[in-house]
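For reference, the structure is listed below as structure tokens.
The values are calculated or read from the model by the stated rules, or taken from the named source; none is laboratory data. Source: prediction; values computed, not measured. Here the Cβ positions follow ideal geometry from the backbone for every residue, glycine too, while neighbour counts run over all protein chains shown.
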Amino acid sequence: MTKSFEDVADLDIQDPTYLASPGINGTDLKAWRKKHGFTQEMLRLALQVGSRQTIISWEKSEQRLPRYIYLALIGLEHLDHGHGFMTGYRFTAAEARAARKKATF
């Protein structure tokens, strides 16, 4: 293991330096959610948070949200099938095979 990997392993992700996102606040979150066709409940499921009230309180917040929320939104934007996996959409066997072949992870 290199020195740089050891340094990364010792980082405290609760440090405010790492928690602050590069500028997304509640208004930005709400705009992102609407732009990408998510309801508050769909976003709650996608981010695996406890209740829709969490999403509501984030959207009302004027402070910057934690970085992990921003990173999760970036991930959701890049899913090949949008939020189909998050909404409970049941893929047919053929669709599932095609999705696995198309995945570029």
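General remarks:
- Scanning the stretch 17-64 for residues that are modelled with pLDDT of 90 or more and in contact with a Phe, Trp or Tyr (Cβ under 7 Å, 6 or more places away or on another chain) returns GLY26, LEU29.
- The residue that is surrounded by the most Cβ atoms within 10 Å (Cβ to Cβ), counting only those in the stretch 25-64 that are in a helix (DSSP H, G or I) and of a type in the set (Val, Ile, Thr), is ILE55.
- Failed item, numbered, when HIS83 is tested on (1) closer than 30 Å to LYS101 by Cβ; (2) modelled with pLDDT of 60 or more; (3) in contact with a Gly (Cβ under 8 Å, 6 or more places away or on another chain): (2)
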